[in-house]
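Worksheet: the structure to be examined is printed underneath.
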Amino acid sequence: MKALLASGNRGKLFELQKIFMNSGLDLTSCADSGIPLPNTAETGSSYLENARLKAQALALSSGIPALADDSGLEVDALGGAPGIRSARYAGARASDQDNISRLLGELADNPVRTARFRCVLVMAWPNGREYSAEGNLSGTISAMTRGENGFGYDPVFVLPDGRHMAELSEGEKNALSHRSVAAKNLLEVLRRNGKIRP
């Protein structure tokens, strides 16, 4: 089954394509398909609402099933922030480094460093049908960046084994990331509902 990814983030596309390999779900980008990606405002108050807005907009405009995610970093000492504003934490045009700098500045010397990545995926069809799934990954926030892989907050997110997310190989990240967990859960939902082969 062909599906479009409702994101221009190549990192997300490659990560999800690896996870979906040999599943029967052929995920591609709008750019690679020559289809305009709708400029959908993330006005929802939850990950699910934002993912649904993006998936439905693309499915309706393209006539092809569309997959969208909304994900974020939740830091306990910051009351769950940056949360659904993770990608725009330091401003609308903030870089990954800008967001990390703001996060570390707000945590400063706070000893409470527990956090989690959360991801919600929504697959929507042009006829309005949709399925969703969630994935989470717990860890802590380091005061120092480490690693060259990944994107977003990966350089400061520390796994229980002490490695930073940005130190993981692609295969290691795909085995345990919040997006990976959500994707695997979504595949199971799609299989149970006959959308892809068992």
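Coordinate-derived values only; no laboratory data. From a predicted model like this one, the values you see are computed outputs, not experimental measurements. Cβ sites come from the backbone with ideal geometry, for glycine too, and all protein chains shown count toward neighbours.
Observations
- Legend: ranking of residues ASP26, ASP109 from fewest to most surrounding C-beta atoms inside 10 Å; resulting order ASP109, ASP26.
- Two-decimal ratio, the stretch 44-108, of alpha-carbon radius of gyration to 2.2 N^0.38 Å: 1.33
- Using alpha carbons only: equivalent-ellipsoid semi-axes of the stretch 96-171, gyration tensor based, whole Å: 29, 15, 13
- In this simple spin-label model, placing a label point 7 Å from the Cα along the Cα-to-Cβ direction at both SER46 and VAL112 gives a separation of 2.4 nm.
- Dipole magnitude of the stretch 4-128 about its Cα centre (Cβ charges: Lys, Arg +1; Asp, Glu -1), debye to nearest 20: 80 debye
- Helix 178-192 vs. the chain, principal-axis angle (Cα, 0 to 90°, nearest 10): 20 degrees
- Helix 47-62 vs. the chain, principal-axis angle (Cα, 0 to 90°, nearest 10): 40 degrees
- Long-range Cα-Cα pairs in the stretch 52-198 (distance over 22 Å), rounded percent: 45 percent
- Most positive-pole-ward Cα, THR40, ALA108, GLY24, against dipole of the chain from beta carbon charges: GLY24
- Sorted peptide list for 42-50, 152-160, criterion being average Cβ within 10 angstrom, highest first: 152-160, 42-50
- Kirkwood hydrodynamic radius computed over the stretch 1-55 comes to 12.1 Å, based on all pairs of distinct alpha carbons.
- Which of LEU186, GLY152, GLY162, positive extreme of dipole for the stretch 2-192 (C-beta unit charges): LEU186
- DSSP bridge orientation in the chain - percent antiparallel, rounded to nearest 5: 80 percent
- Computed [θ] at 222 nm, deg cm²/dmol, the chain (DSSP H ≥ 4; -39,500 (n - 2.57); rounded to nearest 500): -10000 deg cm²/dmol
- Around the Cα centre of the stretch 113-175, unit charges on the Cβ atoms of Lys, Arg, Asp and Glu (plus for the first two, minus for the last two) sum to a dipole of about 220 debye.
- Across the stretch 133-198, Cα-Cα pairs more than 17 Å apart make up 46 percent of the total.
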